[in-house]
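The values are calculated or read from the model by the stated rules, or taken from the named source; none is laboratory data. The structure presented is a predicted model; accordingly, all values stated were derived computationally and were not measured. Ideal geometry is used to build each Cβ from the backbone, glycine not excepted, and the neighbour counts take in all protein chains shown.
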Amino acid sequence: MNIYANFKMDEVDDTSEKFDQFLHEQENKGFMRLLTCGSVDDGKSTLIGRLLYDSKMVFEDQLSALERDSKKVGTTGEALDLALLVDGLAAEREQGITIDVAYRFFATDQRKFIIADTPGHEQYTRNMATGASTADLAIILIDARRGVLTQTKRHSFIVSLLGIKHVVVAINKMDLVDYSEEVYEEIQKAYLDFAETLGFSTIGFIPMSALNGDNVLNQSETMGWYTGKPLMEYFNTLDIDAGDDTRPFRMPVQWVNRPNLNFRGYSGTIASGTIKVGDEIVALPSSRTSKVAKIVTFDGEFDSAHTEQAVTITLEDEIDISRGDVLAAVQNRPTVTNAVAADLIWMDEQAMALNHPYLIRLENKTVPGRVTAIDYKVDINNLQQLAGGDDLALNEVARVQLALTDRIAFDPYELSRSMGCFVVIDRMTNKTIAGGMIRASLDTASNVHWQALDVDKQARASAKHQKPAVLWFTGFSGSGKSTIANLVEKKLHARGNHTYILDGDNVRHGLNKDLGFTDEDRIENIRRVSEVANLMTDAGLIVLSCFISPFRQERQAAREVCGETPFIEVFVDTPFDTCEQRDPKGLYQKARAGEIKNFTGMDSPYEPPENPEVRLQTPGHTPEEVADMVIRYLDDNGFLSP
Amino acid sequence: MSGLTHLERLEAESIHIIREVAAECRNPVMLYSIGKDSSVLLHLAMKAFYPSLPPFPIMHVDTTWKFREMIEFRDRLAKDLGLDMIVHINQEGVEQGIGPFSHGSAVHTDVMKTQALKQALSKYQFDAAFGGARRDEEKSRAKERIFSFRDANHRWDPKNQRPELWRTYNNRIHKGESMRVFPLSNWTELDVWQYIYREDIPIVPLYRAKVRPVVERDGALIMVDDDRFDLKPGEVIQEKRVRFRTLGCYPLTGAVESDAETLPEIIEEMLLSTTSERQGRVIDQDHGASMEQKKQEGYF
């Protein structure tokens with residue numbers, strides 16, 4: 001596709017064959033991502049600075065800045081303090097430590113490298129996990145004077161937990177132990193003893209002095225007894241091909257590509273495997289199957305596509321696929337489930353709480369979920385399994401059970417990072433609070449793939465000539481939710497719509513009669529109501545729900561349960577005092593008398609919606625007028641046109 | 001590691017990021033600075049959604065002091081590609097007559113670039129803005145996330161960034177907050193040039209050597225791009241064969257003497273070069289952590 005026809009460049013950019021060859025070689029370099037693990041004292045920043053400096057990635061102006069900074073804050077006397085090349089943020093430069101994940105770049109003739117530089121202090125486990133999540137090889141730094149330390153074990157464990165298969169142990173500061181072969185061998189033995197259980201495919205050991213450059217780029221002259229490769233050569237030659245391309249095909253759908261009525265494609269990055277035109281695929285979790293019609297890219301149509309490529313696939317059949325689905329090989333499918341066992345690294349000051357509603361963010365989909373049990377915690381210092389308990393603090397690691405409100409398709413993390421990874425997001429603060437690795441399904445029926453149901457939500461809704469939706473009325477007791485909802489329902493009914501009202505009267509006496517009015521019970525009440533509302537919209541109905549539903553988080557959870565179904569939050573904004581004056585059921589009087597506990601607005605809070613779709617200020621209006629406002633909103637936004 | 005080359009991997013990663021934003025954010029925008037990194041970013045967006053056009057507008061924050069050739073290039077490209085290009089200028093700054101010659105680089109950049117950008121993001125209520133920044137450009141950029149959270153005042157807090165693992169990008173924000181998204185985070189300057197060459201991406205002709213009128217000022221060669229240039233006593237306009245390694249406001253962008261006209265020559269020159277690319281930008285040279293301060297204040 002040539003979109004730049006008017007910009008003539010070809011004639012000016014003809015080139016000599018020699019340089020063409022060079023550019024071609026540059027283009028065809030391999031690619032590897034590294035992680036460095038070690039503390040400030042192990043000389044980690046110095047090693048990275050050395051790699052950049054020795055591979056000529058440092059420019060003259062940076063070098064003069066380095067000379068200036070070395071004199072000002074350096075720790076190496078007259079020599080250049082290479083660590084200063086790396087320590088970026090002003091705050092940490094003053095403290096003399098690195099505090100976050102930084103990414104550095106260098107290249108050799110064979111490969112291009114990205115180094116994730118992460119600090120080694122215990123409180124920064126989360127940073128190391130972040131860097132490790134995308135790395136192919138980890139460099140574990142050990143100070144030759146101090147040998148294998150607790151932190152060495154900690155780092156190696158996190159590296160293994162995050163699925164890095166290759167490790168090189170850099171035994172640094174050999175200059176301070178007289179370049180002793182004995183020290184090197186002791187450390188090697190100690191490391192191998194404990195790393196046995198960590199499941200690495202390769203472990204290398206290199207004695208070096210990053211400060212002096214021994215065994216970094218060049219073979220050390222002072223350590224003739226070491227016959228292995230220097231670090232840079234090790235990077236260049238290590239075979240890290242994980243064979244993802246030979247694994248079964250998986251593509252999480254990111255975006256549905258619909259430029260016009262004649263084209264419907266599914267865009268995504270291939271997580272594993274290869275796909276060819278004509279291959280049979282299954283869309284999960286729906287289990288519908290089809291065949292690949294075309295593999296479309298800007299650079300033309302492809303016959304096949306491979307792991308890591310970002311493509312757009314069109315199918316022979318029109319089946320309902322949306323963002324969050326996974327396209328997979330028909331014969332070899334991922335597991336579909338709504339309950340998993342996973343390893344969790346907690347990354348937030350606020351501890352994890354069992355059964356608290358969180359958001360689980362997979363590569364292409366966000367699903368509400370709860371941790372229902374902690375099987376065990378891991379002491380990352382000695383890898384001992386500890387009793388579970390019911391919370392998880394910052395930087396703690398645990399094997400947990402996770403219940404999701406929606407089914408997901410996954411592969412175990414050790415087989416596919418893309419298909420087995422997730423982060424946990426806090427609903428209120430939106431912070432990323434944990435990283436997780438799915439290990440197995442907890443649902444024994446999960447490998448029984450659902451028969452795709454041909455009568456789906458859309459079919460049922462179109463039989464009714466309407467669009468399903470949830471109208472979620474919230475407000476104080478006596479604010480007029482039910483009165484207004486009843487009027488809205490009458491008006492909708494008169495237009496031929498099929499509706500249903502869910503309120504305390506029809507839910508509290510049956511479905512939820514086991515629930516009281518404590519915060520926990522209110523939350524469970526609303527959870528069940530939202531599930532029922534979701535089922536009813538699946539049946540094609542327009543649902544009107546009338547509950548005080550005082551907590552923002554629970555209303556948000558209800559919205560998420562309903563997924564893509566339009567969820568219209570209607571805030572019946574009647575002031576508390578007005579409600580108390582009206583007191584249609586005499587409840588306020590009883591509450592004032594102390595006969596009712598946990599009464600919303602008195603001894604239990606009401607969190608008003610921040611951005612409701614509809615806000616109804618009732619004072620000064622008749623219920624009829626207010627109901628018309630709701631109908632008008634539905635009309636204006638196209639909910640009532642079939 | 002798969003069989004893809006590093007450029008193919010970088011391209012796929014960037015496309016993935018761009019698609020995530022389109023799928024998840026309510027009202028994203030792509031910031032376009034007309035420079036080579038922007039050219040690559042826009043090209044990747046064209047690729048990511050093909051055969052659709054990018055499902056978001058492109059926006060240029062115009063300080064009114066860009067090289068004339070940049071503006072011509074911008075307008076032609078937007079027209080040819082059929083893109084929705086928003087051009088935002090800080091009118092208050094224009095009314096106050098703010099400019100680099102009269103007010104100095106710091107005030108000019110703050111009012112016409114930093115403040116203008118914040119104005120535009122607030123005006124259109126964008127919840128996510130793509131930028132072309134790379135981690136290899138500058139030390140403080142090396143720690144920036146790909147999805148970088150900004151509070152309601154557009155501020156970046158380097159000590160309180162969200163952990164970013166795998167490709168599970170967390171783009172959730174509250175009302176008024178926003179995301180800056182950097183799809184080129186893992187590219188280096190050489191990658192950008194190689195990709196431009198491989199994909200035949202048009203770049204502003206100012207990157208190519210040509211005889212141009214320049215004035216030597218504080219050790220930098222500043223091009224006389226229009227009659228607003230305030231020639232100081234003793235300064236002489238010279239005709240020199242120069243090109244630009246980076247583009248910005250013409251009074252703040254130093255040229256380098258060069259014969260590199262074609263892309264291979266430019267790449268060759270870059271590889272042999274001993275100074276890093278941002279040296280041409282006057283604002284980075286103040287003191288050690290100046291870029292980091294600018295970013296905390298909302299500069300991209």
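Quick look at the values:
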| read-out | value |
| --- | --- |
| Failed item in (1) surrounded by 13 or more Cβ atoms within 10 Å (Cβ to Cβ); (2) farther than 15 Å from residue A:546 by Cβ, with residue A:600 passing the rest | (2) |
| Selection count, the range A:573-611, where residues are in a loop (DSSP other than H, G, I, E, B), within 23 Å of residue A:505 (Cα to Cα) and hydrophobic (A, V, I, L, M, F, W, C) | 3 |
| Top-ranked residue of the range B:1-32 - restricted to ones that are of a type in the set (S, T, N, Q) and either crowded, with 22+ Cβ neighbours inside 10 Å or in contact with a Lys or Arg (Cβ under 9 Å, 6 or more places away or on another chain) (or both), ranked as nearest to residue B:205 (Cα to Cα) | B:14 |
| Matching option when the condition is touching an Asp or Glu at 6+ places or on another chain (Cβ under 7 Å) and of a type in the set (A, V, I, L, M, F, W, C), among A:149, A:211 | A:211 |
| Scan of the range B:1-21 for residues that are facing chain A (nearest Cβ under 8 Å), in contact with a strand residue (DSSP E or B) (Cβ under 6 Å, 6 or more places away or on another chain) and not charged (D, E, K, R), ordered by number | B:6, B:12, B:15, B:16 |
| Test result for residue A:156, surrounded by fewer than 20 Cβ atoms within 10 Å (Cβ to Cβ) and within 15 Å of residue A:138 (Cα to Cα) | no |
| Residues satisfying the stated conditions in the range B:253-272, i.e. in a helix (DSSP H, G or I) and within 13 Å of residue B:205 (Cα to Cα) | B:263, B:266 |
| Failed item, numbered, when residue B:30 is tested on (1) out of contact with any strand residue (DSSP E or B) (no Cβ under 8 Å at 6 or more places or on another chain); (2) more than 10 Å from chain A (Cβ to nearest Cβ) | (1) |
| Set A:134, A:125, A:130: member being within 14 Å of chain B (Cβ to nearest Cβ), assigned to a loop (DSSP other than H, G, I, E, B), over 20 Å from residue A:53 (Cα atoms) and among the hydroxyl-bearing types (Ser, Thr, Tyr) | A:134 |
| Segments classed as strands (runs of 3 or more DSSP E), wholly inside the range B:1-119, with at least 2 members that are free of Cβ contacts under 8 Å to residues at least 40 places away in the same chain | B:58-61, B:85-88 |
| Number of the exception - residue B:37 against (1) under 28 Å from residue A:306 (Cβ atoms); (2) at the interface with chain A (Cβ under 8 Å from one of its Cβ atoms) | (2) |
| Scan of the range B:107-147 for residues that are crowded, with 21+ Cβ neighbours inside 10 Å and hydroxyl-bearing (Ser, Thr, Tyr), ordered by number | B:109, B:140 |
| The range A:212-226: number of residues that are modelled with pLDDT of 90 or more and either surrounded by fewer than 15 Cβ atoms within 10 Å (Cβ to Cβ) or outside any loop (DSSP other than H, G, I, E, B) (or both) | 1 |
| Given (1) surrounded by 22 or more Cβ atoms within 10 Å (Cβ to Cβ); (2) within 22 Å of the chain's Cα centre (by Cα), index of the condition residue A:353 fails | (1) |
| Residues of the range A:279-332 that turn out to be more than 14 Å from chain B (Cβ to nearest Cβ), out of contact with any Asp or Glu (no Cβ under 9 Å at 6 or more places or on another chain) and not aliphatic (A, V, I, L, M), as a count | 8 |
| The range B:190-226: number of residues that are in a helix (DSSP H, G or I), within 10 Å of chain A (Cβ to nearest Cβ) and either closer than 20 Å to residue A:26 by Cβ or modelled with pLDDT of 95 or more (or both) | 9 |
| Residue within the range A:356-371 that is within 14 Å of chain B (Cβ to nearest Cβ) and among the basic types (Lys, Arg) present | yes |
| Enumeration of residues in the range A:306-355 that are more than 22 Å from residue A:249 (Cβ to Cβ) and part of a loop (DSSP other than H, G, I, E, B) | A:347, A:348, A:349, A:350, A:351, A:354, A:355 |
| Selected residue [at pLDDT below 90 and either part of a strand (DSSP E or B) or small (Gly, Ala, Ser) (or both)] from A:445, A:398, A:403, A:434 | A:445 |
| Tally, over the range A:266-284, of residues that are of a type in the set (A, V, I, L, M, F, W, C), assigned to a loop (DSSP other than H, G, I, E, B) and either under 26 Å from residue A:338 (Cβ atoms) or at pLDDT below 95 (or both) | 2 |
| Filter result for the condition that a residue is touching a residue at least 40 places away in the same chain (Cβ under 8 Å), farther than 30 Å from residue A:458 by Cβ and more than 31 Å from the chain's Cα centre (by Cα), over A:592, A:615 | A:615 |
| In the range A:129-147, the residues that are farther than 30 Å from residue A:424 by Cβ and not hydrophobic (A, V, I, L, M, F, W, C) | A:143, A:145, A:146, A:147 |
| Leading residue by the ranking (nearest to residue A:43 (Cα to Cα)) among those in the range A:230-243 that are in contact (Cβ under 8 Å) with a residue 24 or more places away in the chain and either part of a loop (DSSP other than H, G, I, E, B) or more than 14 Å from chain B (Cβ to nearest Cβ) (or both) | A:231 |
| Test: residue B:186 is within 14 Å of chain A (Cβ to nearest Cβ) and surrounded by 19 or more Cβ atoms within 10 Å (Cβ to Cβ) | yes |
| Tally of residues being over 41 Å from the mean Cα position of the chain (by Cα) and in a loop (DSSP other than H, G, I, E, B) across the range A:178-211 | 3 |
| Tally, over the range A:126-157, of residues that are modelled with pLDDT of 90 or more and either aliphatic (A, V, I, L, M) or touching a His at 6+ places or on another chain (Cβ under 8 Å) (or both) | 11 |
| All positions within the range A:254-280 that are surrounded by fewer than 22 Cβ atoms within 10 Å (Cβ to Cβ) and either farther than 17 Å from residue B:23 by Cα or within 22 Å of the chain's Cα centre (by Cα) (or both) | A:256, A:260, A:261, A:262, A:263, A:273, A:274, A:276, A:277, A:278, A:279, A:280 |
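Quick grid of which residues meet (1) more than 30 Å from residue A:535 (Cα to Cα); (2) in contact with an Asp or Glu (Cβ under 9 Å, 6 or more places away or on another chain); (3) surrounded by fewer than 22 Cβ atoms within 10 Å (Cβ to Cβ):
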position: A:375; (1), (2), (3): yes, no, yes
position: A:386; (1), (2), (3): yes, yes, yes
position: A:390; (1), (2), (3): yes, no, yes
position: A:408; (1), (2), (3): no, no, no
position: A:412; (1), (2), (3): yes, no, yes
position: A:420; (1), (2), (3): no, yes, no
